[in-house]
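K.L.:
Structure incoming, see below.
The values are calculated or read from the model by the stated rules, or taken from the named source; none is laboratory data. From a predicted model like this one, the values you see are computed outputs, not experimental measurements. Don't worry about glycine lacking a Cβ; one is built from the backbone with ideal geometry, like all the others, and counts go over all protein chains shown.
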Amino acid sequence: MPNNHSNHSNNSNNSNYSIDTIRHSAAHVMAQAILRYYSSKGFKVQLGIGPNIENGFYYDIDINYKITESDFPLIESEMLNIIKEDLSITRKILDRQDALHFFSGLEQTLKVELIQDLPTSEEITCYTQGEFTDLCRGPHVKKTSEIPVHFKILSVAGAYWRGSEDQKMLQRVYATCFNSANELKDYLNFIEDAKRRDHRKLGRELDLFVFDQHAPGSPFFLPNGAIIYNELIAYIRRLYRKYDYKEVITPQIMDAELWHTSGHYQNFKENMFFTQIENREFAVKPMNCPGHMVMFKHNKFSYRDLPLRYADFGRIHRYEKSGSLAGLTRVRTFTQDDGHIFLPLYMVQDEITELLTMYFACFHHFKFEKIKINLSTRPEKRMGAEESWDYAEEALIKALKANNCEYNVNAGDGAFYGPKIDFIVFDALKREHQLGTIQLDFQLPERFDLKFVNKEGELERPVVIHRALLGSLERFIGIYIEHVAGAFPFWLAPEQAVIVPVKNDSDKQIEFANNLSKKLRQLGFRVRVDSRNESMNLKTRQIQTSKIPYMLVVGDREVDGNSVSIRKYGDKKSETISTIALLELFDELMKEASVG
């Protein structure tokens, strides 16, 4: 933030306005500053849209100049000038032709396009401050001096006009604004911490995964990342054994007819990949559920077999626009810890009670202590009769209340086949992430004509609960990397310890280190020896940078005493312990991998 921000203060009281109104007004000031500054330099500036968003605002700009971070202080300085000018902000209603004529005269073709696409019944309003007029619904502050000077431009990124890949790429300038200097300082510190924890940055530094243009949105997990991936699956499998799940494997590519039956073709087609095989249309599976319906239908089950819990780690593919791809958190191919439970209606509440126990145990295991629950109800685009939706939503509500779970209603955000319970966890930076879901489905059993034999010997339609704990493993790994800042717990760390001989030319030390490493690896620990001809300081820095849980130093004294000098990641001091105590410590730490 420019130093001269602190030299200006607002005389008026900002508490009369919501922070959203202040940020929206600040977006207009930023657009005016960009238009004023770059027009004076001979550049042509087209203005797109500039809404307020969570923690700030942005404005989309079309300009024949690439805005970079070095430009931010110049734009901020002009914003301060506009605030100091104490310009009145006035609202005006225009009829359509006047609005088109006005913005055409300014050669603001993006604004003209927006006006042309507005419904004829919609009122067209503009806000003016000084020489600057913008198409906007408002509201805004009354004059520019009422906008706090505690703002900062954060970044600039590419953004397709109106979010369409078919449109031209604009420059989106992001900024933030707060009512006080302390709030701004805290937020900037938060951003720096978030950058330090960014899973894309740490993924490169820790050799976890890479992306390549040959497979957009599809991560390549390197050996270190594959260990984390497989250890997570192993943990979930231990949960499955405890809660009586049966793991299955289903095909990757299935006839499009299946997806017509399930309803995905009608409701999810735009997110699917298709191919032609022997003149038949096939789809790469975007979800596991239809395959599980097929397997249930191939068997004859009675009420004694239920609940039947299928679990599936099958890889799924979904088309996401390239502009929405974001590291591991938004990809085109991923694996879910997916499951489907087939059961009679009267078992639903007990089953959800058990699921809640399982979910909370899982989330707490990964040190997500604060958890919020949303009940997502019927979306506008859905299948099935309203009566079944009424019943399904009421069943979830009863289960949550029976378990004394507080929840928020997220209206209209359910799946197209049923309502769901969403679990929102808070990470170390207090950011919210949706992980697990529990979805109650009356539709797919109907569409696949699933039946079981009930206690009366009659055929009955089961209910299906769709559930996932961590959800997409790729997305969870991205979230978890940032939650722990890349410092994984011992059981999950790709490398758990590095043994470092003090002297690179000491046969005695190297032999001791190699023997200890071999013994630890035979016991299942992930350990290596670093006997490179490098300084101890360099090796120590590299081990700390790699966030490896333990560094084990071996000198002549340790060899003679059958011990190691152990240093935990993040600690500045070391201590000497026997190799027997080391094994006991590692055995104890591995208990973190248990499911309790």
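K.L.:
Which of the following residues is part of a strand (DSSP E or B) and more than 30 Å from Tyr359 (Cα to Cα): Arg557, Arg541, Arg528? Before the answer, list the steps.
P.N.:
Working: Arg557 fails: part of a strand (DSSP E or B); Arg541 fails: part of a strand (DSSP E or B).
After ruling out the rest, the residue left standing is Arg528.
K.L.:
If you scan segment 481-513, which residues turn out to be assigned to a helix (DSSP H, G or I) and surrounded by fewer than 16 Cβ atoms within 10 Å (Cβ to Cβ)? Reasoning before the result, please.
P.N.:
Within segment 481-513, the subset assigned to a helix (DSSP H, G or I) is 481-483, 507-513.
Of everything in segment 481-513, those that are assigned to a helix (DSSP H, G or I) and surrounded by fewer than 16 Cβ atoms within 10 Å (Cβ to Cβ) turn out to be Asp507, Lys508, Glu511.
K.L.:
If you don't mind, there's one more thing I want to ask. Name the single residue, out of those in segment 430-481 being more than 23 Å from Leu356 (Cβ to Cβ) and acidic (Asp, Glu), that is modelled with the lowest pLDDT.
P.N.:
Glu446
K.L.:
I would also like to ask the following. Using beta carbons and a limit of 6 Å, which pairs, at least six apart or on different chains, have the first residue in segment 537-549 and touching a residue at least 24 places away in the same chain (Cβ under 8 Å) and in the same structural domain as Lys568 (by TED's automatic domain parsing) and the second one of a type outside the set (Gly, Ala, Ser) and assigned to a loop (DSSP other than H, G, I, E, B)?
P.N.:
Short answer, once both residue conditions are applied: Lys539/Asp530; Lys547/Tyr569; Ile548/Glu495; Pro549/Phe490; Pro549/Gln496; Pro549/Tyr569.
K.L.:
With the condition kept exactly as written, say whether any residue in segment 64-74 is under 20 Å from Thr133 (Cβ atoms), surrounded by 14 or more Cβ atoms within 10 Å (Cβ to Cβ), of a type in the set (D, E, K, R) and at pLDDT 95 or above.
P.N.:
Step one: filter segment 64-74 for residues under 20 Å from Thr133 (Cβ atoms), giving none.
Looking through segment 64-74, none of the residues is under 20 Å from Thr133 (Cβ atoms), surrounded by 14 or more Cβ atoms within 10 Å (Cβ to Cβ), of a type in the set (D, E, K, R) and at pLDDT 95 or above.
K.L.:
Are any residues in segment 25-63 of a type in the set (Ser, Thr, Tyr) and crowded, with 21+ Cβ neighbours inside 10 Å, and if so, which ones? Talk me through it step by step, then tell me what you get.
P.N.:
Residues of segment 25-63 of a type in the set (Ser, Thr, Tyr): 25, 37-40, 58-59.
Hits for segment 25-63 are Ser25, Tyr38, Tyr58, Tyr59.
K.L.:
Can we say Val464 is surrounded by fewer than 24 Cβ atoms within 10 Å (Cβ to Cβ) and touching a residue at least 12 places away in the same chain (Cβ under 8 Å)? Full working, then the answer.
P.N.:
On the way: surrounded by fewer than 24 Cβ atoms within 10 Å (Cβ to Cβ): no; touching a residue at least 12 places away in the same chain (Cβ under 8 Å): yes.
No, not satisfied.
K.L.:
Another question about this same structure. Mind listing just one residue for me: the one in segment 302-320 that is over 32 Å from the mean Cα position of the chain (by Cα) and surrounded by fewer than 16 Cβ atoms within 10 Å (Cβ to Cβ) and, of those, farthest from Phe448 (Cα to Cα)?
P.N.:
Residue satisfying both the conditions and the ranking: Arg304.
K.L.:
May I ask you to list pairs of residues, at least six apart or on different chains, whose Cβ atoms are under 9 Å apart, with the first in segment 105-116 being over 14 Å from Ile61 (Cα atoms) and the second being assigned to a loop (DSSP other than H, G, I, E, B) and of a type in the set (Gly, Ala, Ser)?
P.N.:
Pairs that qualify, where the first residue is over 14 Å from Ile61 (Cα atoms) and the partner is assigned to a loop (DSSP other than H, G, I, E, B) and of a type in the set (Gly, Ala, Ser), are Leu114/Gly48.
K.L.:
Here is a further query. Return the total of residues in segment 27-63 being assigned to a loop (DSSP other than H, G, I, E, B) and farther than 21 Å from Glu146 by Cβ. Walk me through how you get there before you give the answer.
P.N.:
Kept after step one, since they are assigned to a loop (DSSP other than H, G, I, E, B), are these residues of segment 27-63: 41-44, 48-51, 54-55.
Restricting the remaining residues to those that are farther than 21 Å from Glu146 by Cβ gives 41-44, 48-49, 54.
Summing the residues that are assigned to a loop (DSSP other than H, G, I, E, B) and farther than 21 Å from Glu146 by Cβ in segment 27-63 gives 7.
K.L.:
Collect the residues in segment 487-512 that are touching a helix residue (DSSP H, G or I) at 6+ places or on another chain (Cβ under 9 Å), of a type in the set (A, V, I, L, M) and under 14 Å from Met551 (Cβ atoms), keeping them in residue-number order. If you could, list the steps in order and put the result at the bottom.
P.N.:
Of the residues in segment 487-512, the ones touching a helix residue (DSSP H, G or I) at 6+ places or on another chain (Cβ under 9 Å) are 488-504, 506, 508-509, 511-512.
Restricting the remaining residues to those that are of a type in the set (A, V, I, L, M) gives 492-493, 497-500, 502.
Ala493, Ala497, Val498, Ile499, Val500, Val502, listed by residue number.
K.L.:
Inspect segment 327-334 for any residue being modelled with pLDDT under 95, among the small types (Gly, Ala, Ser), in the same structural domain as Val294 (by TED's automatic domain parsing) and over 19 Å from Ile424 (Cβ atoms) and give the result as yes or no.
P.N.:
Yes: one or more hits.
K.L.:
Next question. Does Glu123 satisfy the condition of being of a type in the set (Asp, Glu), in the same structural domain as Leu106 (by TED's automatic domain parsing) and under 22 Å from Ile61 (Cβ atoms)? Let's see the steps before the verdict.
P.N.:
Working: of a type in the set (Asp, Glu): yes; in the same structural domain as Leu106 (by TED's automatic domain parsing): yes; under 22 Å from Ile61 (Cβ atoms): no.
No.
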